[in-house]
1. Count, please, the residues in the range 98-138 that happen to be in contact (Cβ under 8 Å) with a residue 24 or more places away in the chain, over 17 Å from the mean Cα position of the chain (by Cα) and assigned to a helix (DSSP H, G or I).
2. Taking the condition of being hydrophobic (A, V, I, L, M, F, W, C) and over 23 Å from PHE176 (Cβ atoms), how many residues in the range 60-104 meet it?
3. What residue, among those in the range 183-200 that are among the aliphatic types (A, V, I, L, M), surrounded by fewer than 18 Cβ atoms within 10 Å (Cβ to Cβ) and within 24 Å of PHE60 (Cβ to Cβ), is modelled with the highest pLDDT?
4. Can you tell which of VAL212, VAL264, VAL238, VAL230 is part of a helix (DSSP H, G or I), crowded, with 17+ Cβ neighbours inside 10 Å, out of contact with any helix residue (DSSP H, G or I) (no Cβ under 7 Å at 6 or more places or on another chain) and not charged (D, E, K, R)?
5. Does any residue of the range 164-177 turn out to be in contact with a His (Cβ under 6 Å, 6 or more places away or on another chain), of a type outside the set (D, E, K, R), on the phi < 0 side of the Ramachandran plot and in a loop (DSSP other than H, G, I, E, B)?
6. Which pairs do you get when a residue that is within 25 Å of SER259 (Cβ to Cβ) and in contact (Cβ under 8 Å) with a residue 24 or more places away in the chain, found in the range 279-299, comes within reach of a residue that is surrounded by 12 or more Cβ atoms within 10 Å (Cβ to Cβ) and among the basic types (Lys, Arg), reach meaning Cβ atoms under 7 angstrom, with the pair 6+ apart or on two chains?
7. Right, GLY76: touching a helix residue (DSSP H, G or I) at 6+ places or on another chain (Cβ under 8 Å) and assigned to a helix (DSSP H, G or I) or not?
8. Which condition breaks for ASN214 when tested against (1) at pLDDT 90 or above; (2) within 26 Å of GLY183 (Cβ to Cβ)?
Amino acid sequence: MSVAAPARVSWLDNARGIAIVLVVMAHVWRGLRDAGLLEWTPFHQVADFTIYAFHMPAFFFLAGLTTPHSLAKGRGPFLYSKIKTVAYPYLLWSLLQGGVMVALSRYTSGKVYPSQLLTIPWHPIAQFWFLFTLMAFQLLVLALGTRLLFWLALPAFVVAGLFLSYETTAFNLGHFLLFYAAGAAFSESFMALPARIPLLAAAAAFAVLAAVSNLLGMDYHNMSALPLAVTGIALTCVLGLALGKTRAARAMTVLGQYSMSIYVMHILVTSGARIALHKMHVPIGGEGMLLIGTVLGIAIPIAAHILLMRLNLLWIFGLGKKRAAPAVLAREQEIA
């Protein structure tokens, strides 16, 4: 099986950028809802269902697309890379955010207790369930390969839908495996997508399925929402392609490249902003707080990433590689 070129694929970064914006916005409005600061209208209900039906499946699918290229480097390098870029950030940022949430438990809507910090290695907290689940999938693909993993993902998806409680670790493993495994198994085909795919057709299909799913009162966890998840993933990828090299694409590419930093930091930022604005009695309505929280939840993690990069500290926080010292770089250039 041939493998995608090692260079970054711009439409993948665009797609990640789209997905991370949806993640931050959805988490902000749920936080405001749970804190009683946002009126939960039918519009919010429809938007919440529609976004949650596909934004995390999209992240798993996009992660699967890059898996064959990573595996081609060898089993050892693959495992070492995923420990550095997934397992280590999972543990570190879970402890960092969990510790802050314990300290501020009387101010936050999502409670974390001290005892939960001890169970983080096997019981994820908050948004870090994604990294925990992703690492499990990467261990599975390392052991089974992409094709076998896909065929095992199909019955796992059905078992999770029929027998497991929603939003548990077991459910997440069974339900989301299908999206990751599909990306890994069919990576070659998707990486070769043509530059021109009818965006309007993809958007129309998604809109129709979203409308039908909402009218039927589906739960986005349910197996019946799979067509909506698939069309949402397709629309995300097609939109990433359609952006091409436009100005909007530059912004989405940046967001996609910084998506890991945004993901691990955004809850701390948005929760802190919500608490501060509320305690200071700033006269801003729920929609205004939603806008401010979303912007800050994206901008501050990017700023923090850039600062850590300039200080050569990204590697300590599991967000990038350690830069070699100038003397080492000079020696490498002489050898080359």
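The values are calculated or read from the model by the stated rules, or taken from the named source; none is laboratory data. This structure is a prediction, so every number in the text was calculated from the model and none was measured. In this analysis, Cβ positions are derived from the backbone assuming ideal geometry, glycine residues included, and neighbour counts consider all displayed protein chains.
1. Looking only at that region, the number is 3.
2. Taking the range 60-104 as the starting set, the residues that turn out to be hydrophobic (A, V, I, L, M, F, W, C) are 60-63, 65, 71-72, 78-79, 83, 86-87, 91-93, 95-96, 100-104.
Narrowing further to those that are over 23 Å from PHE176 (Cβ atoms): 72, 95-96, 100-104.
The total comes to 8.
3. Step one: of the range 183-200, the residues among the aliphatic types (A, V, I, L, M) are 184-185, 191-193, 195, 197, 199-200.
Those still in the list that are surrounded by fewer than 18 Cβ atoms within 10 Å (Cβ to Cβ) too: 192-193, 195, 197, 199-200.
Those left that are additionally within 24 Å of PHE60 (Cβ to Cβ): 192-193, 197, 199.
Values: ALA192: 72, LEU193: 67, ILE197: 68, LEU199: 84.
Among residues in the range 183-200 that are among the aliphatic types (A, V, I, L, M), surrounded by fewer than 18 Cβ atoms within 10 Å (Cβ to Cβ) and within 24 Å of PHE60 (Cβ to Cβ), the one modelled with the highest pLDDT is LEU199.
4. Values: VAL212 fails: crowded, with 17+ Cβ neighbours inside 10 Å; VAL264 fails: out of contact with any helix residue (DSSP H, G or I) (no Cβ under 7 Å at 6 or more places or on another chain); VAL238 fails: out of contact with any helix residue (DSSP H, G or I) (no Cβ under 7 Å at 6 or more places or on another chain).
Just a single option satisfies the conditions, and that option is VAL230.
5. Yes; the residues of the range 164-177 include at least one that is in contact with a His (Cβ under 6 Å, 6 or more places away or on another chain), of a type outside the set (D, E, K, R), on the phi < 0 side of the Ramachandran plot and in a loop (DSSP other than H, G, I, E, B).
6. From residues that are within 25 Å of SER259 (Cβ to Cβ) and in contact (Cβ under 8 Å) with a residue 24 or more places away in the chain, the pairs are MET289/ARG274; GLY293/ARG274.
7. Numbers: touching a helix residue (DSSP H, G or I) at 6+ places or on another chain (Cβ under 8 Å): no; assigned to a helix (DSSP H, G or I): yes.
No; evaluated as a whole, the condition is false for this residue.
8. Of everything listed in (1) at pLDDT 90 or above; (2) within 26 Å of GLY183 (Cβ to Cβ), ASN214 misses just condition (2).
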